[in-house]
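Working notes, beginning with the structure itself.
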Amino acid sequence: MRPLVVPATLLLASAALAKPWNGIEPGASHREDVVKKFGEPTKTVNHEGKEILAYVGPQAIKGTTETQFRIDSANKLVERMDAYSNAMEYPPSRGAMIEVALKEYLDKKDKPRK
């Protein structure tokens, strides 16, 4: 029983450390809060039990080129937010490189294969 308690505690601790952004708080805000605040997303992707709401291009949130909200499909809670801007750090951090790779993967996944 004890091994199940530790991962749950770590999960709750990581959600508690996330900071609110533009009125949306990971672990507390729901999908409907995001849509109410920012409108319908440019695109929605379902991946491994999570729904990713992406605001890109003309729908990008002010000060960003893209913003993604990762939503738990079961309880509709916001788990994570990622905001991208034109100002890319140099050299890019590991996190920035992972974000770029994920974006490229999701873009390719949405395109029809030849």
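Just so it is clear, none of the values below were taken in a lab; they were calculated from the coordinates. All figures in this text were calculated on a predicted structure; none of them were measured in a lab. Here the Cβ is made from the backbone with ideal geometry for all residues, glycine too, and neighbour counts use every protein chain on show.
Here are the numbers:
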quantity: Ala74 paired with Thr44, simple spin-label distance in nm, labels 7 Å along Cα-to-beta-carbon; calculated: 2.0
quantity: Burial ordering of Tyr105, Tyr55, fewest other beta-carbon atoms within 10 Å first; calculated: Tyr105, Tyr55
quantity: Members of Lys36/Lys103; Lys36/Lys76; Lys36/Lys62; Lys19/Lys108 lying beyond 21 Å, as alpha-carbon distances in this model show; calculated: Lys36/Lys103; Lys19/Lys108
quantity: Other-chain or far-sequence residues with amide H under 5 Å of Thr42's (modelled H); calculated: Ala54, Tyr55, Val56
quantity: Cut-off 15 Å between beta-carbons: net charge of the residues surrounding Gly49, Lys and Arg +1, Asp and Glu -1; calculated: +1
